[in-house]
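So the structure is just underneath, and the comments pick up after that.
Just so it is clear, none of the values below were taken in a lab; they were calculated from the coordinates. These numbers were taken from a predicted model, which means no experiment stands behind them. Cβ sites come from the backbone with ideal geometry, for glycine too, and all protein chains shown count toward neighbours.
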Amino acid sequence: MNNRAEYIINELGDKCREIDRDIDFVRIEILELNSQTLLSLFHAGHNAGFDACINEVEKKFKKLGFYNY
């Protein structure tokens, strides 16, 4: 998905390339597959999930009236 592709591209750097992009999805080709690449993919997924969680928590805090937390 577009919102997660940037994490993969940032984490893998020159070990991947973007093939195609549309409104919802990005196709990424992984050029080098080894244990370090797999670890980088894990970190990209972890960071995407963590950032999404933090954004949801911030939205809920703002909805409850907390702005300085």
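Residues that are without any contact (Cβ under 8 Å) to a residue 12 or more places away in the chain and either closer than 18 Å to His43 by Cα or of a type in the set (D, E, K, R) (or both) within the range 13-32 comprise Gly13, Asp20, Asp22, Arg27, listed in sequence order. All told, Glu29 meets the bar of being in contact with a strand residue (DSSP E or B) (Cβ under 9 Å, 6 or more places away or on another chain) and of a type outside the set (Lys, Arg). Can you find a residue that is exposed (fewer than 12 other Cβ atoms within 10 Å of the Cβ) and in contact (Cβ under 8 Å) with a residue 40 or more places away in the chain anywhere in the range 34-44? No - not one qualifying residue is present in the range 34-44. With respect to the stated conditions, Asn55 is in a helix (DSSP H, G or I), loosely packed, with under 12 Cβ neighbours inside 10 Å and not aliphatic (A, V, I, L, M). The set of residues in the range 1-33 being surrounded by fewer than 11 Cβ atoms within 10 Å (Cβ to Cβ) and assigned to a strand (DSSP E or B) consists of Ile19, Asp20, Glu29. For the criterion of being free of Cβ contacts under 8 Å to residues at least 24 places away in the same chain, surrounded by fewer than 12 Cβ atoms within 10 Å (Cβ to Cβ) and under 12 Å from the mean Cα position of the chain (by Cα), Phe50 passes.
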